[in-house]
Amino acid sequence: MKGTLSPSLGNLNFLEVMVISGFKQITGPIPESFSNLAHLTQLALEDNSLVGNIPPGLGQLSSLQSLSLSGNRFRGQIPPTLGHLTNLVQINLKRNFLTGSIPPTFQNFHALQYLDLSFNMLSGLIPDFIGGRYLPNLTLIDLSNNQFSGQMPISLFSLPKLLDLSLNQNQLTGIIPVQVEGLKSLTSLSLSSNRLTGHIPISISRLHNLWYLNLSANGLSDPLPSTLATGIPSLLSIDLSYNKLSLGKVPDWIRSRQLRDVHLAGCQLSGTLPSFAKPDSFNSIDLSHNHFTGGISNLLANMSSLQNLNLSNNQLKADLSEIKLPDTLSSLDVHANQLTGSLSGSTGILNDRVSRFLEVVDVSNNQISGGIPEFREGLRLKMLDVGSNKIAGPIPNSVSNLAQLERFDISRNQITGTIPTSLGLLLKLQWLDVSINGLTGKIPNSLLGIERLKHASFRANRLCGEIPQGRPFNIFPAAAYLHNLCLCGKPMPPCRQSQ
């Protein structure tokens with residue numbers, strides 16, 4: 001379906017439910033006539049391309065219990081008239097371009113259970129009335145990815161039914177209040193990417209139902225509460241990355257638990273990688289930007305469910321041929337270490353058995369040698385970055401088997417031979433970097449078939465001949481082609497007849 005919403009829909013006087021969702025070709029504003037739908041209990045206009053302001057007249061729909069306008073292109077402020085919808089149980093305005101503050105009239109939502117205003121450009125303070133006195137029935141609050149500032153109001157922590165609190169990606173300051181223990185039912189708490197300071201309060205240990213805790217990217221400081229060793233009994237996922245924590249080693253209470261996700265990037269950890277008491281429970285581990293040394297094999301022992309592993313920016317020394325990756329792994333990031341060995345061969349990390357589920361591989365900035373392996377059909381790789389190593393030999397023709405590939409970076413190696421024409425079959429490719437190698441011959445015209453390409457660099461090789469004359473190759477900057485033997489044609493100088 002496409003077009004605009006017809007004002008005549010407002011004449012359906014007895015309509016109780018209107019759901020028009022997932023039509024990216026439906027544009028235009030919400031008709032003012034919708035304010036006539038007095039019997040409407042549910043209005044869902046989600047994931048379309050609607051524009052304009054949210055009509056103040058929607059505040060006349062006194063029977064409305066659920067209002068969702070998420071995933072559109074609405075601008076302007078949230079109309080205060082929405083506060084007249086005193087029967088509202090759910091309001092979802094996420095993923096728009098709304099500005100201004102939360103209207104004071106929202107304190108009238110005494111029945112409200114679900115409040116999602118995430119992914120907008122809302123600002124100001126989080127109002128005091130978002131708490132037990134005015135909105136006692138809230139089970140979800142998501143104000144993430146906005147521009148809210150100031151401190152979290154204490155009233156926020158007097159919501160005994162609240163299950164999910166997401167305030168991440170804002171500009172909140174101050175401490176995490178000790179009153180956080182008042183959220184007795186809380187299962188998920190995300191305060192990441194703010195400007196919070198001070199210590200993690202001891203009282204957070206008393207959240208017996210909490211399974212997801214993300215406090216990353218703040219200014220929280222040592223020490224961690226000792227009560228965490230016995231507190232938060234339901235914890236499955238913890239992220240303390242990028243704070244002012246100097247943990248030294250992974251705390252015993254983390255290593256001994258049956259956890260699903262442990263993210264401790266940038267926590268001043270050192271020594272050898274830890275071993276975990278319940279390795280088969282892990283889904284995701286991020287120990288990047290620390291000071292770990294030694295090998296990787298011990299960490300991976302018996303991690304039969306691991307999907308995401310990030311050990312980048314450490315000082316790890318290991319031979320790739322000695323690393324046995326879990327069969328379940330989909331993302332591997334070990335860039336900026338001191339790894340050696342080869343990608344190819346029966347024991348390489350891209351061998352047939354292991355790579356079934358791999359979608360992301362970043363082994364750049366290491367000391368890896370050997371060649372680029374042959375790729376069989378059916379691989380799911382979306383990103384392959386082997387830049388800044390000592391890899392030699394040609395780009396194999398079988399690179400065309402990586403049909404899902406979106407990012408391919410082999411820059412700063414010793415790769416020779418020509419660019420295979422089969423590279424043009426990677427129709428989903430968005431990023432291509434083959435710079436600073438020893439490639440010869442032409443840039444094949446087959447690459448013109450890659451219509452999604454946004455970035456490419458061929459500089460500092462020994463390439464010659466006419467640059468493919470079509471978008472985007474002839475509109476990339478000249479810097480993408482500099483320092484070759486004799487590349488010519490836009491954006492470089494014109495070719496001579498002999499070329």
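Short-range pairs are left out: with C-alpha atoms under 8 Å and at least six residues apart, the relative contact order of segment 1-112 is 21 percent.
The aspartates and glutamates within cross-link reach of Lys442, meaning a Cα-to-Cα straight distance under 12 Å and a gap of 8 or more places when in the same chain, are Glu466. If you take the alpha carbon atoms of segment 369-498 and fit the smallest convex hull around them, that volume is 88 Å³ per residue.
Using a simple spin-label model with pseudo-atoms 7 Å out from Cα toward Cβ, Arg133 and Ser446 lie 7.1 nm apart.
Of all DSSP beta bridges in the chain, what percent run antiparallel (nearest 5)? So the antiparallel bridges amount to about 0 percent of the total. Applying 1/(1 + (r/R0)^6) with r as the Cβ-Cβ distance of Ala229 and Asp327 and R0 = 22 angstrom yields a FRET efficiency of 0.10. Tell me which lysines have Cα within less than 25 Å of Lys24's Cα, excluding those fewer than 8 residues away on the same chain? Partners found: Lys2, Lys94, Lys428, Lys454.
Shown here: P(r) over Cα pairs in 10 Å bins from 0, in percent, derived from the displayed model; of the candidates (i) 4, 17, 24, 22, 18, 10, 4, 1, 0; (ii) 4, 16, 25, 26, 17, 9, 3, 0; (iii) 4, 16, 19, 20, 21, 14, 6, 1, 0, it corresponds to (iii). Partnerless cysteines in the chain, where a partner means another cysteine C-beta under 4.7 angstrom, comprise Cys267. Summary value for the chain: 5 percent relative contact order, contacts being C-alpha pairs under 8 angstrom separated by 6+ residues. The gain in end-to-end length when the Thr418 to Asn298 segment is fully stretched comes to 39.2 nm, 0.36 nm per residue minus the alpha carbon separation. Full extension of the chain segment joining Ser221 with Asn283 gains 19.6 nm, where the gain is 0.36 nm per residue of separation less the Cα-Cα distance. Classify segment 166-239 as rounded, prolate or oblate from the Cα gyration tensor: take a ≥ b ≥ c as the square roots of its eigenvalues, call it rounded if a/c is under 1.5, otherwise prolate when a/b beats b/c and oblate if not. Prolate is the answer for segment 166-239, as a/c is 1.5 or above and a/b outweighs b/c.
Here the gap between His110 and Arg471, fully extended at 0.36 nm per residue and compared with their Cα-Cα distance, gives a gain of 124.3 nm. Ranked by how many other Cβ atoms sit within 10 Å of their own Cβ, fewest first, the residues Thr227, Thr86 fall in the order Thr86, Thr227. For segment 205-247, rounded, prolate or oblate, judged on the Cα gyration tensor with a ≥ b ≥ c (square roots of eigenvalues), a/c < 1.5 rounded, else prolate if a/b > b/c? The shape class here is oblate.
If R0 is 60 Å, the Cβ-Cβ spacing of Ile20 and Arg462 corresponds to a FRET efficiency of close to 0.55. Estimated from helices alone, the mean residue ellipticity of the chain at 222 nm is 0 deg cm²/dmol (sum of -39500 (n - 2.57) over DSSP H runs with n ≥ 4, per residue). Taking a ≥ b ≥ c as the square roots of the eigenvalues of the alpha carbon gyration tensor, segment 75-194 is oblate, as a/c is not under 1.5 and a/b does not beat b/c.
Ranked for footprinting exposure by Cβ neighbours inside 10 Å, fewest first, Met152, Met121 give Met121, Met152. Taking a Cβ cut-off of under 13 Å around Asn313, the surrounding Lys, Arg, Asp and Glu residues balance to a net charge of -3, with basic ones at +1 and acidic ones at -1. Phi angles across segment 470-475 convert, under the Karplus curve 6.51 cos²θ - 1.76 cosθ + 1.60 with θ = phi - 60°, into 3J(HN,Hα) values of x, 5, x, 5, 7, 10 Hz, Gly and Pro given as x. Roughly what would the spin-label model give for Ala479 and Lys390, points 7 Å off Cα along C-beta, in nm? Those two pseudo-labels are separated by 3.0 nm. Remark: spin-label model distance Arg206-Met121 equals 4.2 nm, labels positioned 7 Å along the Cα→Cβ axis.
Every number here is computed from the coordinates shown, using simple stated rules; none is lab data. Owing to the predicted nature of the structure, the values given are computational and were not obtained by experimental measurement. As a convention, Cβ positions derive from the backbone with ideal geometry for all residues, glycine included, and neighbour counts pool all protein chains shown.
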